[in-house]
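Read the structure below first, then the notes.
The values are calculated or read from the model by the stated rules, or taken from the named source; none is laboratory data. Quick caveat, the model's predicted, so the values are computed rather than measured. Glycine also receives a Cβ, built like all others from the backbone with ideal geometry; neighbour counts cover every protein chain displayed.
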Amino acid sequence: MKFSSFISYMSVLLIVCLSFAAQAIDTGRSNLNMRPGVSDISNQVYGLHMLMFYVCIAIAVVVFTFMFYSMVVHRKSKGAKAANFHENLTVEVVWTIVPFAILIFMAVPAAYTLIDMEDVSKPDVTVLVTGSQWKWHYKYMDNDVEYFSVLATEQGQIRNQLTKTQNYLLEVDRPLVIPTGKKIRFLITSDDVIHSWWMPDFAIKKDANPGFINEAWTNVNTPGVYRGQCAELCGKDHGFMPIVVVAKEPAQYDAWVAEQEAIAQRARDEEQRLLSMNMSMDELMSQGEKVYGAVCAACHMPNGEGLPGVFPALKGSALALEDIPGHIRIIVEGSPGTSMASFAKQLTMSEIAAVVTYERNAWGNDTGDIVQAKDINAIMYGKE
Amino acid sequence: MVSTTDTTHSGDRDADTQDHVASDHIDDHHHHEAPYGISRWLLTTNHKDIGTLYLWFAFIMFLVGGAMAMVIRAELFQPGLQIVEPNFFNQMTTVHGLIMVFGAVMPAFTGLANWMIPMMIGAPDMALPRMNNWSFWILPFAFLILLSSLFMEGGGPAFGWTFYAPLSTTYSSDSTALFVFSVHIMGISSIMGAINVIVTIFNMRAPGMTYMKMPLFVWTWLITAFLLIAVMPVLAAAVTMVLTDKFFGTSFFDAAGGGDPVLFQHIFWFFGHPEVYIMILPAFGIISQIVPTFSRKKLFGYASMVYATGAIALLSFIVWGHHMFTTGMPVEYEIFFMFATMLVSVPTGVKVFNWVATMWRGSISFEIPMMFAIAFIVLFTIGGLSGLMLAIVPADFQYHDTYFVVAHFHYVLVTGAIFSIMAAVYYWLPKWTGKMFDITLAKWHFWCSLVSVNVLFFPMHFVGLAGMPRRIPDYALQFADFNKWISVGGFAFGLSQLIFLALIIKACRHQGESVSSQVWDGAEGLEWEIPSPAPYHTFETPPIVR
């Protein structure tokens, strides 16, 4: 092929690429590059990233300059005669040694940053982060606060029936709250498959391995709301388990913790009160439908039919039609060796009662069974 | 000495089935007493037939795997769930990866090895022709099993091509058993292919073809074959443990029974990293054949190319941990794997420098294979440089499991491995068919592929850095614009390959101008000394290499 046309095609390609970049920069969004983040470490990581980037650009420019010069000047159509050389010890030694030196120049600062990142000693606050399909659980080790954090985006937005809002797929019902200016240690684990807790603004990505605990830490400089996602493929709804962290000034954080502890206490009192009460079928069904939609529908599907071969159906199943204690037990204990986890921590006894009632009376499962919180209590603690 | 004796044996063996061959008998081999029609292909032990089978199989798998990529890109065209459900989306990403790695790239290289290695070293055939037949013909069954699992209740494998436990054990669908079985068959096929390559190269070189005279494609394949034999059994072990963990109550990867899920990743990546080089070393060999031809100049630094290939192969065994920096490995290991990984860039850099030095003060022309080779050098280098960035552990914490990684490995595998395969096909196709392929179509194929592949993969760097995880069926709104472009690039790249299909079909019908035995002005090597098209049997009398 004619070289002039080769070059002109190449220039067209280059212009396309550049206009791409220009368009993206033009609109002023930060969706082109890594964010520097909000901790000293994340800023160091950003610095390393940019250093590496410029070194790579420099290498590419040097190598491709030689190559393109050769393509322009040393071509047959211009009458170039091939030279005869095919070895040169000096050149070959130089281009082995020089990259080596560049590598050391990059590796040393990277190693120092890495050693800092892995030093989890002397934390001010410790949070146990537990991943499970497909939600996060946060437990403050020094306080009486723990809760689940699940996707808050409505199904209607995901299914394109509603307009998608600004934080689509990056919003949760209850974010993790941490204080600024304190060393926060995260203990990270999983209840089922491997997840990965990724908060880009803290430069933390750590796998949550079932049966093992990983550690990571951060010290956030700026109050704000920070968003991340699960980074390790963890099954069907891997794309739907975001992470939101709210960093507050220490005083506000302390107030938040006190408030949460009070809420937790009230919830326990309420639970005790509900044990002695009976709810009506209508109340149970409407609460049960809500709980089912938020917790169970991800696997057993909104219509109760499950996913054949992956997640069993509840509609018409023997478990949901006959065996009441078995039905309750699988929810509070889970089913070892399967995806069915224990929900005893995530749901209150009245919520479990409602969802069991719902599952036994929805989608044509017309058993008429009514299950109350005290029935759950009986199974869980063996008392009436 | 050894080689002469062995070629005679191999000649005797062939005489059983195919008793007459003449080097002028080139156009039509149906007149043999050899089997006819379908049984010719089923029963063939001829390295050229088997090479053709491998290449067609790889191409079909490339289109099937590509169709799955189209499903993925269609779903990701816009935010929200439109076309497929998340569970099916995961099956598409998983099977796309498995098919492209084991069904497209690896068989394509094996096909090229079958066709070219005997012709490049002056051997009449592969050393073990019947095993050669067997190693090809089990492959279609492996992929039939894998693809049929998609239609099972619960669907096919949905745990990523890396099948991390326990997602692939306790939490997978029952079709996992089929997945395991099909991976076993693929592994057996690869190992047999590798044994054949090694035995052929060790024993059947023409007199005078010393190791340091072998063409680089032969050298890189020899080293690749050793890598295959070393690591395919490790993969077999990994899938077997997944099988017993899922169905027979063992706990290799289950902490509750004393196992460790991270152990799976160590085993998988001990296979997986050499596997990556299995898919790129033959590409280095191809580029090292093509660049000297169209620069009309000897390859610069032949010896250092051989040593660099060996060095890359050895390093591939001590860098697997760089896939696992976020698993919580101790900081000392992270530093070790970071340094070891960065070292890989030294021999790889030597290769790129050698290619540029080969072009330097050459007499360059831009035929189709050279255009693909130049695109390879530029785009593979981009993939190599992003690989260097990924080696830096603190930065890798940010890159890991994002589209930045997807961009990286598609640059080295698509614009790297697959572009090299296309370069090789264009380079040797006239030798195979005796006719020049349709150059206009080839140019369309090249330019459409080159533009679309960059529209497809380059913006993935941006969305990855901005925080988009990989393997998700739906994404936050700030990634929407780039994903639209990526999908458009993906569809265009997919369609561009249909041009290639048309070109290959035309070439197989022997349309086009006849070519000389040398085909390309400047081509050197034994394969260019035999007529075009290459006769059914070549080098029954070994040539003497000076």
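In region B:132-147, the residues that are farther than 16 Å from B:M100 by Cα form Cβ pairs under 8 Å with partners that are modelled with pLDDT under 95 and assigned to a helix (DSSP H, G or I), at six or more places apart or across chains, as follows: B:N133/B:L43; B:W137/B:L42.
Report the residue count in region A:269-302 for those that are part of a loop (DSSP other than H, G, I, E, B) and crowded, with 18+ Cβ neighbours inside 10 Å.
1
Considering (1) under 15 Å from the mean Cα position of the chain (by Cα); (2) crowded, with 24+ Cβ neighbours inside 10 Å, the lone condition that B:T200 does not fulfil carries the number (1). The number of residues in region B:436-479 being among the aliphatic types (A, V, I, L, M), within 9 Å of another protein chain (Cβ to nearest Cβ) and either in a helix (DSSP H, G or I) or surrounded by fewer than 23 Cβ atoms within 10 Å (Cβ to Cβ) (or both) comes to 8. Looking for something more than 20 Å from B:P86 (Cβ to Cβ), facing another protein chain (nearest Cβ under 8 Å) and among the charged types (D, E, K, R) - is there at least one such residue anywhere in region A:233-250? Scanning region A:233-250 turns up no residue that is more than 20 Å from B:P86 (Cβ to Cβ), facing another protein chain (nearest Cβ under 8 Å) and among the charged types (D, E, K, R).
Filtered by the rule that a residue be within 9 Å of chain B (Cβ to nearest Cβ) and polar (S, T, N, Q), region A:79-104 gives A:N84, A:N88, A:T96.
Here B:F77 fulfils each of the conditions (1) buried (at least 24 other Cβ atoms within 10 Å of the Cβ); (2) farther than 19 Å from B:L150 by Cβ apart from (1). Residues of region A:59-109 that are of a type outside the set (F, W, Y), part of a loop (DSSP other than H, G, I, E, B) and closer than 18 Å to B:W355 by Cβ: A:H74, A:A80, A:A82, A:A83, A:N84, A:H86, A:E87, A:N88. Working only within region B:260-307, note down all residues that are within 11 Å of chain A (Cβ to nearest Cβ) and not in a helix (DSSP H, G or I). Across region B:260-307, the qualifying residues are B:D260, B:R296, B:K297, B:K298, B:L299, B:F300, B:G301.
What helices (runs of 4 or more DSSP H) lie completely within region B:38-152 and have 2 or more residues being modelled with pLDDT of 95 or more? Ranges flagged: B:47-75, B:86-98, B:106-121, B:129-137, B:139-148. From the set of residues in region B:349-362 that are aliphatic (A, V, I, L, M) and in contact (Cβ under 8 Å) with a residue 24 or more places away in the chain, which is nearest to the other protein chains (Cβ to nearest Cβ)? This residue is B:M359. Among the candidates B:T250, B:T240, B:T224, B:T244, the residue that is buried (at least 24 other Cβ atoms within 10 Å of the Cβ) and among the β-branched types (V, I, T) is uniquely B:T224. If you check B:L441, B:L385, B:L413, B:L450 for being under 20 Å from A:F53 (Cβ atoms) and not aromatic (F, W, Y), only one passes: B:L385.
Within region B:227-253, residues that are without any contact (Cβ under 8 Å) to a residue 24 or more places away in the chain sit with their Cβ atoms under 6 Å from residues that are assigned to a helix (DSSP H, G or I) and among the β-branched types (V, I, T), at 6+ positions apart or across chains, in these pairs: B:T250/B:T244. Evaluated against (1) over 26 Å from A:V45 (Cα atoms); (2) more than 7 Å from chain A (Cβ to nearest Cβ); (3) surrounded by fewer than 24 Cβ atoms within 10 Å (Cβ to Cβ), B:S365 falls short on exactly one condition, (2). Candidates are the residues of region B:146-166 that are within 18 Å of B:I72 (Cα to Cα) and at the interface with another protein chain (Cβ under 10 Å from one of its Cβ atoms); the one that is surrounded by the most Cβ atoms within 10 Å (Cβ to Cβ) is B:A158.
Among the residues of region A:49-77, those that are surrounded by fewer than 18 Cβ atoms within 10 Å (Cβ to Cβ) and in contact (Cβ under 8 Å) with a residue 12 or more places away in the chain comprise A:L51, A:V55, A:V72, A:S77. Checking region B:386-400 against the condition returns a match, with at least one residue being in contact with an Asp or Glu (Cβ under 6 Å, 6 or more places away or on another chain) and either within 10 Å of chain A (Cβ to nearest Cβ) or touching a residue at least 60 places away in the same chain (Cβ under 8 Å) (or both).
Within region A:158-182, residues that are more than 10 Å from every other protein chain (Cβ to nearest Cβ) have Cβ atoms under 6 Å from residues that are among the aliphatic types (A, V, I, L, M) and surrounded by fewer than 18 Cβ atoms within 10 Å (Cβ to Cβ) in these pairs: A:V172/A:A152; A:D173/A:A152; A:P175/A:V246; A:V177/A:V246, counting only partners at least 6 apart in sequence or on another chain. The residue pairs whose first member lies in region B:168-191 and is within 12 Å of chain A (Cβ to nearest Cβ), whose second member is in a helix (DSSP H, G or I) and surrounded by 19 or more Cβ atoms within 10 Å (Cβ to Cβ), and whose beta carbons are closer than 6 Å, counting only pairs six or more residues apart or on different chains, are B:S168/B:V242; B:T169/B:V242; B:T169/B:D245; B:T169/B:K246; B:S175/B:S149; B:T176/B:K246.
From the residues in region B:308-348 that are hydroxyl-bearing (S, T, Y) and within 13 Å of another protein chain (Cβ to nearest Cβ), which one is farthest from A:A208 (Cα to Cα)? It comes out as B:T348.
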